[in-house]
Amino acid sequence: MVGDCTTTLNGQVAEKGQSVLYTPAVFCGGVDSHQISECILWNEKPRKGESCVRTIYLPELQAMAQEAAGQIDKVYLHWSAGHYGQPFADYHVNIDRDGKLYTAVESLAELLPHTWRRNTGSVGVAILCCAKATTEDLGKEPPTEVQLTALAKVIAVICQEAGIPLDYDHVRTHAEQADEDGYGPQTTCERWDLWFLRQGEDPGSGGEELRAAANAMCA
Ligand SMILES: [Zn+2]
């Protein structure tokens, strides 16, 4: 049935990165089977049966977090450094500018390459934004408020349902983890995702703000 996910709108075989049509019920249970949605191919070669990034909703995320309880104990927070509307299969949860969620996995316990040397037992969550951002200028696609609120909600849901403490030891921005591992803003600045959330805010404030917002949603 993978063919359904490699056929373009015109019935041609899709190339890497092209949008295609598929029937959500085939791969993506829980969505109205009569509805035809857009699906976006992986940026790499699709794997059989998991060839698309699909839209998910909070109840499905809740269920996935419950199922992964005991197998995951860390959450890493990213921005994609790509465009709005451009999800990546490297993250368990992708959050678009309008708060829409995408995933390419069936389980949050699946091993994905999101955070250098920190991928075992961890969940990668990314907001889709910050193409061409620099530490001086977040650019033309900065995080939106809806995106940041959705990120806090996703953190809250994952931590609550999977039983992960919502604190610095368990939930970190990529900027914070990169600083711990010697490639963050304090050293090489190779990765500095969410070091701050809005232009002009204090460097280093992003993680605390997101954890506080997520904790407030757990109350
Ligand atoms: Zn990152």
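Every condition in (1) within 20 Å of residue 64 (Cα to Cα); (2) within 16 Å of the ligand (Cβ to nearest atom); (3) surrounded by 23 or more Cβ atoms within 10 Å (Cβ to Cβ) is met by residue 193 except one, and the failing one is (1).
Summed over segment 172-201, residues that are under 14 Å from residue 133 (Cβ atoms) and of a type in the set (Gly, Ala, Ser) total 2.
Table: residues versus (1) within 16 Å of the ligand (Cβ to nearest atom); (2) at pLDDT 95 or above; (3) not in a loop (DSSP other than H, G, I, E, B).
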| position | (1), (2), (3) |
| --- | --- |
| 53 | no, no, yes |
| 60 | no, no, yes |
| 65 | no, yes, yes |
| 90 | yes, no, no |
| 97 | no, no, no |
| 105 | no, no, no |
| 117 | yes, no, no |
| 123 | yes, yes, yes |
| 138 | yes, yes, no |
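Considering segment 201-215 alone, what residues qualify as being of a type in the set (A, V, I, L, M) and buried (at least 17 other Cβ atoms within 10 Å of the Cβ)?
210, 213, 214
Can you pull out every residue in segment 131-157 that is among the hydrophobic types (A, V, I, L, M, F, W, C) and free of Cβ contacts under 8 Å to residues at least 60 places away in the same chain? Listed by number, the residues that qualify are 131, 133, 146, 150. Each residue in segment 73-98 was checked for being aliphatic (A, V, I, L, M) and either out of contact with any strand residue (DSSP E or B) (no Cβ under 6 Å at 6 or more places or on another chain) or without any contact (Cβ under 8 Å) to a residue 60 or more places away in the chain (or both), and 2 pass. Among the residues making up segment 69-122, a single one is hydroxyl-bearing (Ser, Thr, Tyr), over 19 Å from residue 153 (Cα atoms) and surrounded by 23 or more Cβ atoms within 10 Å (Cβ to Cβ): 115. The set of residues from segment 167-183 being surrounded by fewer than 17 Cβ atoms within 10 Å (Cβ to Cβ) and either in contact with a Pro (Cβ under 8 Å, 6 or more places away or on another chain) or in a helix (DSSP H, G or I) (or both) comprises just one member, 180.
For residue 70, the conditions (1) away from the ligand (no atom under 16 Å from the Cβ); (2) in contact with a strand residue (DSSP E or B) (Cβ under 8 Å, 6 or more places away or on another chain) all hold with the exception of (2). Residues in segment 73-88 that are in a loop (DSSP other than H, G, I, E, B) and of a type in the set (Gly, Ala, Ser) were compared, and the one that is farthest from the ligand (Cβ to nearest atom) is 85. Taken over segment 128-140, the criterion of being closer than 20 Å to residue 189 by Cα and not aliphatic (A, V, I, L, M) is satisfied by 129, 130, 132, 134, 135, 136, 137, 139. For segment 162-178, check the following and say yes or no: at least one residue is at pLDDT 95 or above and over 21 Å from residue 213 (Cβ atoms). Checked against the condition, which is being at pLDDT 95 or above and over 21 Å from residue 213 (Cβ atoms), segment 162-178 yields at least one hit.
The values are calculated or read from the model by the stated rules, or taken from the named source; none is laboratory data. Given the structure is predicted, the values throughout are model-derived calculations rather than measurements. Methodologically, a virtual Cβ is constructed for each residue, glycine included, from the backbone with ideal geometry; neighbour enumeration extends over all protein chains shown.
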